[in-house]
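The values are calculated or read from the model by the stated rules, or taken from the named source; none is laboratory data. These figures come from a predicted structure and were not determined experimentally. For neighbour counting, all protein chains shown are included, and Cβ atoms are generated from backbone atoms with ideal geometry for every residue, glycine included. Protein only, heavy atoms only, side chains kept; ligands, DNA and RNA dropped before computing areas. Shrake-Rupley method; radii C 1.70, N 1.55, O 1.52, S 1.80 Å.
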Amino acid sequence: AQTVTQSQPEMSVQEAETVTLSCTYDTSESDYYLFWYKQPPSRQMILVIRQEAYKQQNATENRFSVNFQKAAKSFSLKISDSQLGDAAMYFCAYSMASGSRLTFGEGTQLTVNP
Amino acid sequence: DTGVSQNPRHKITKRGQNVTFRCDPISEHNRLYWYRQTLGQGPEFLTYFQNEAQLEKSRLLSDRFSAERPKGSFSTLEIQRTEQGDSAMYLCASSLGELGEKLFFGSGTQLSVL
């Protein structure tokens with residue numbers, strides 16, 4: 001079974017600084033998808049960034065980028081120029097290539113200090 | 001695009017009572033998912049529909065849980081004979097049904113069983 005682990009329950013960053021959130025996963029599949037979702041206090045999960053395992057190039061979305069290490073089964077999220085609105089719970093998630101259900105990690109609560 | 005709508009936002013019930021939640025997905029989305037999220041944890045997959053067909057159910061979905069999606073539009077999740085362990089946030093998500101694609105989540109229904 002696929003598992004996703006986020007070893008940092010809480011992280012904090014100063015506004016305008018850079019922070020990296022860690023995620024590791026376990027799978028026997030060679031093709032799959034990885035995601036970072038953000039859950040603000042409004043509770044609505046919002047997709048931050050998505051990575052296809054067959055692509056070697058790391059995904060980027062404006063201030064958000066990932067470091068995807070397939071051999072190490074690691075998928076970290078880097079947030080540059082952190083903003084107060086980035087404060088939220090961040091979840092790493094995995095999806096098999098042959099299906100679309102998501103397996104989520106436990107989450108990392110990010111605090112952004114002014 | 002009005003997003004995924006879930007009702008009610010909050011539900012308080014007594015142990016042993018039945019409850020029903022409703023999810024209205026984005027209109028053109030043919031896949032609909034139910035997840036359960038307890039405090040401090042990531043969402044856990046419960047079940048999903050492709051149009052009106054329920055294609056997969058998690059072992060977490062006991063016999064007391066039933067989900068329907070008549071006519072492939074809105075979905076309902078019913079919990080019979082609620083237990084205190086059912087207290088959680090129930091999230092609905094929808095998608096177009098392509099592999100590895102973005103899921104759009106609702107804001108959830110928070111269930112408290114007293």
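Tabulated values for the structure
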item	result
A:THR108 β-branched (Val, Ile, Thr), within 15 Å of B:GLY42 (Cα to Cα) and modelled with pLDDT of 95 or more	yes
Leading residue by the ranking (farthest from the chain's Cα centre (by Cα)) among those in segment B:3-21 that are open to solvent by 70 Å² or more (accessible area, probe 1.4 Å) and polar (S, T, N, Q)	B:GLN17
Residues of segment B:90-109 satisfying the condition of being open to solvent by 10 Å² or more (accessible area, probe 1.4 Å) and either among the charged types (D, E, K, R) or on the phi < 0 side of the Ramachandran plot (or both)	B:LEU96, B:GLU98, B:LEU99, B:GLU101, B:LYS102, B:PHE104, B:SER107
Qualifying residue in segment A:14-32 (condition: facing another protein chain (nearest Cβ under 9 Å), under 28 Å from B:LEU46 (Cα atoms), modelled with pLDDT under 95 and open to solvent by less than 20 Å² (accessible area, probe 1.4 Å))	yes
Meets criteria (of a type in the set (A, V, I, L, M, F, W, C) and open to solvent by less than 10 Å² (accessible area, probe 1.4 Å)) for B:ILE79	yes
Long-range neighbours under 8 Å by Cβ, at least six apart or interchain, first residue within 18 Å of B:CYS23 (Cβ to Cβ) within segment B:78-104, second in a helix (DSSP H, G or I) and charged (D, E, K, R)	B:ILE79/B:ASP86
Residue within segment A:70-89 that is within 12 Å of chain B (Cβ to nearest Cβ) and part of a loop (DSSP other than H, G, I, E, B) present	no
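Quick grid of which residues meet (1) within 20 Å of B:SER95 (Cβ to Cβ); (2) open to solvent by less than 20 Å² (accessible area, probe 1.4 Å); (3) in contact (Cβ under 8 Å) with a residue 60 or more places away in the chain:
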| position | (1), (2), (3) |
| --- | --- |
| A:PHE64 | no, no, no |
| A:SER74 | no, no, no |
| A:LYS78 | no, no, yes |
| A:GLN83 | no, no, yes |
| A:CYS92 | yes, yes, yes |
| A:MET96 | yes, no, yes |
| A:LEU102 | yes, yes, yes |
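For every residue, the table says whether it meets (1) within 10 Å of chain A (Cβ to nearest Cβ); (2) open to solvent by 10 Å² or more (accessible area, probe 1.4 Å).
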{"residue": "B:CYS23", "(1), (2)": "no, no"}
{"residue": "B:TYR33", "(1), (2)": "yes, no"}
{"residue": "B:GLN41", "(1), (2)": "yes, yes"}
{"residue": "B:LEU60", "(1), (2)": "no, yes"}
{"residue": "B:GLY72", "(1), (2)": "no, yes"}
{"residue": "B:LEU111", "(1), (2)": "no, no"}
